[in-house]
Amino acid sequence: MASIVKIAIAQINCTVGDLPGNTAKILEYCERARNAGAALVVAPELALCGYPPEDLLLRDGFYSDCEAALSRLASQVHGVTLVVGHPHRSGEKRYNAASVVQEGRVVDTYHKHTLPNYTVFDEERYFASGTQPCVFRLGGVGFGVNICEDSWGPQGRLHTRPRGEDVGAGIELDSVATAPQGARAAGAQVLLVLNASPYHMGKQEVRHEIMRERVAETGMALVYANMVGGQDELVFDGASFALDRLGHVSCQLPPFEEALGILTIVEGDVRPGGVAKGESPDAQVYGALCLGVRDYIHKNAFPGVLIGLSGGVDSALTLCIACDALGPGRVRAIMMPSQYTSDMSVEDSRQIVRNLGVGYVEIPIRPVFDAFLASLAPEFAGLAADATEENLQARIRGTILMALSNKSGAIVLTTGNKSEMAVGYATLYGDMAGGFAVIKDILKTLVYRLCRYRNGIARVIPERVLTRAPTAELRANQTDQDSLPPYEVLDPIIAAYMENDVSPAEIISRGFRAEDVERIVEMIHRSEYKRRQAPIGIRITHRGFGKDWRYPITSRYRERYR
């Protein structure tokens, strides 16, 4: 008789530190899975405590509370087997772990072997590496457990300790076996991979490719259960999936939303199941930004958001994302015109708020600006107007927004993009003032693409916002290109140097003007002090200005340009 096991992937949105809430959600999905006929539920990496807990993992009390939460969770699991991620303390060592729970008790625990310590990951700071495979049998099928990085590439040494019914008896692993190979040698037929894998553009294709390599190496079917949700600057996209023994995608869950995926394992292989429709790259980025805003606001209990409108694309895109993430009732837009603000900017701001149905107010800043200039006149006497007066306008606007934030409790969403953050085309305590930077990792050229994507759903951004020359409107007849190269030149240089570590000399060899490259690279480094004081923002590239950009502010090192 064929062995048949139904598996449920619990693609859930966990909140760091919310042990009761996360426990309740895991139990809810176990119940839903049991009602759907599943015998096994796979939850994401560190689902019990949320990911990443960062320096909470340095506190003994956190481990004690997680242990108590795991015990409470296990006591309520009946009728299904649950594999769930959690932090685990054993003596003096701390582990990123996954436990197998059956009928009210923990029957086995796996310790993550390979600890990522690159880009946004810092697990060597917190955890020790495990050394043992974990394989359990259910319905005549051997299931092996890995955690995220264990399955992403070659690992170090594993040692075998066969567990359970006829699993790996007499097997001795090669001293350089990978974690998936270790599970296979210990009797696994299906590999369960628990993940907290953050989103960046193109990430899903990379996951499929690498997991197919693991399937080819081991001959095992693979179930990839990923977390979903926003956590500070990270967004976890879910998009969990399963591969059969030939590497074909047998099941694909949707991105950016919670889901319960039901799979059927027959004779150790995954039968074809539901495959969610793919989305365009721009749709994925937009979905990530909406999820990041929604969870940052909800999980931190802000009543709403405030956005300073300028009539330009950056604030228009930020407003659209906020409305789609939170609903227009929790969004308020503020237009703060000066003597340099064009009628077009005011008209377009009014039009977009009408289209989106958000609250809106106009607060002219010229009276405040004139008062500041009068107060500063003795100090400015004999000095020509320059960026000081421009920055003063931005700081007046920032002060107004923060005053409204203080009164209402709503958080200010800043509207600066990655191109501006890279080269310092932003004002400290001005347009950088706020609590969350929605498009901080979006290059200007991508801003335009996302605006057109959003207009493709419903035309809410006036067309001339997308066609006029970008301008800060801080002086008469100003455009961004007075101070910066065209964004079609600026953005590729930023992406090459900052995101991909390409040397200035190599960038120049690709056909960019040496003077442009030299100037932009210098501006990137000279602006580091500003970025350290900027609000956090959503990461959607493989390298954003945040966790994975750690350059010194004080540094005289510069690479050679030729």
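The values are calculated or read from the model by the stated rules, or taken from the named source; none is laboratory data. None of these values were measured; they are calculated from a predicted model. Backbone-built Cβ (ideal geometry, glycine too); neighbour counts: all protein chains shown. Surface areas here come from the heavy atoms of the whole protein model, side chains and all, with no ligands, DNA or RNA. Shrake-Rupley method; radii C 1.70, N 1.55, O 1.52, S 1.80 Å.
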Handout entry: Some residue of segment 408-418 being part of a loop (DSSP other than H, G, I, E, B), crowded, with 20+ Cβ neighbours inside 10 Å and polar (S, T, N, Q)
Key = yes
Exercise for the section: Kindly indicate whether any position in segment 53-61 is without any contact (Cβ under 8 Å) to a residue 12 or more places away in the chain, open to solvent by 20 Å² or more (accessible area, probe 1.4 Å), within 29 Å of GLY274 (Cα to Cα) and under 27 Å from the mean Cα position of the chain (by Cα). Expected result: no
Completion exercise
When restricted to ARG395, ARG459, ARG454, the only residue open to solvent by 50 Å² or more (accessible area, probe 1.4 Å), within 27 Å of TYR487 (Cβ to Cβ) and not in a loop (DSSP other than H, G, I, E, B) is ARG395
Handout entry: Hits in segment 467-491 (condition: touching a Lys or Arg at 6+ places or on another chain (Cβ under 7 Å) and either surrounded by fewer than 19 Cβ atoms within 10 Å (Cβ to Cβ) or not aromatic (Phe, Trp, Tyr) (or both))
Key = ASP491
Exercise for the section: Check ARG397, ARG454, ARG449 and return the single one that is touching a residue at least 24 places away in the same chain (Cβ under 8 Å) and more than 21 Å from the chain's Cα centre (by Cα). Expected result: ARG397
Practice task
Kindly check whether there is at least one residue in segment 436-443 that is among the charged types (D, E, K, R) and part of a helix (DSSP H, G or I).
Solution key: no
Practice task
Go through the residues of segment 434-445 one by one and say whether even a single one is free of Cβ contacts under 8 Å to residues at least 12 places away in the same chain, open to solvent by 20 Å² or more (accessible area, probe 1.4 Å) and either farther than 19 Å from PRO337 by Cβ or β-branched (Val, Ile, Thr) (or both).
Solution key: no
Practice task
Determine whether SER75 is open to solvent by 20 Å² or more (accessible area, probe 1.4 Å) and over 25 Å from the mean Cα position of the chain (by Cα).
Solution key: yes
Exercise for the section: Could you list all residues from segment 347-370 that are open to solvent by 20 Å² or more (accessible area, probe 1.4 Å) and in a helix (DSSP H, G or I)? Expected result: GLU347, ARG350, GLN351, ARG354, ASN355, LEU356, ARG366, PRO367, VAL368, ASP370
Handout entry: Filter result for ALA301 (open to solvent by 50 Å² or more (accessible area, probe 1.4 Å) and out of contact with any strand residue (DSSP E or B) (no Cβ under 9 Å at 6 or more places or on another chain))
Key = yes
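A quick yes/no check of all residues on (1) within 13 Å of GLU559 (Cα to Cα); (2) small (Gly, Ala, Ser); (3) open to solvent by 40 Å² or more (accessible area, probe 1.4 Å):
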position: PRO504; (1), (2), (3): yes, no, no
position: ARG510; (1), (2), (3): no, no, yes
position: ARG519; (1), (2), (3): yes, no, yes
position: MET523; (1), (2), (3): no, no, no
position: SER527; (1), (2), (3): no, yes, no
position: ARG532; (1), (2), (3): no, no, yes
position: ILE536; (1), (2), (3): no, no, yes
position: ILE540; (1), (2), (3): no, no, no
Exercise for the section: Scan segment 271-286 and give yes if some residue there is farther than 30 Å from ALA188 by Cα, hydrophobic (A, V, I, L, M, F, W, C) and either in contact with a His (Cβ under 8 Å, 6 or more places away or on another chain) or crowded, with 23+ Cβ neighbours inside 10 Å (or both), otherwise no. Expected result: yes
Exercise for the section: Determine whether segment 136-157 contains at least one residue that is of a type outside the set (S, T, N, Q) and at pLDDT below 50. Expected result: yes
Handout entry: Residue that is outside any helix (DSSP H, G or I) and touching a Cys at 6+ places or on another chain (Cβ under 8 Å), where the choices are ALA97, ALA47, ALA38
Key = ALA47
Exercise for the section: All but one of (1) open to solvent by 20 Å² or more (accessible area, probe 1.4 Å); (2) outside any strand (DSSP E or B) hold for SER338, so report the exception by its number. Expected result: (1)
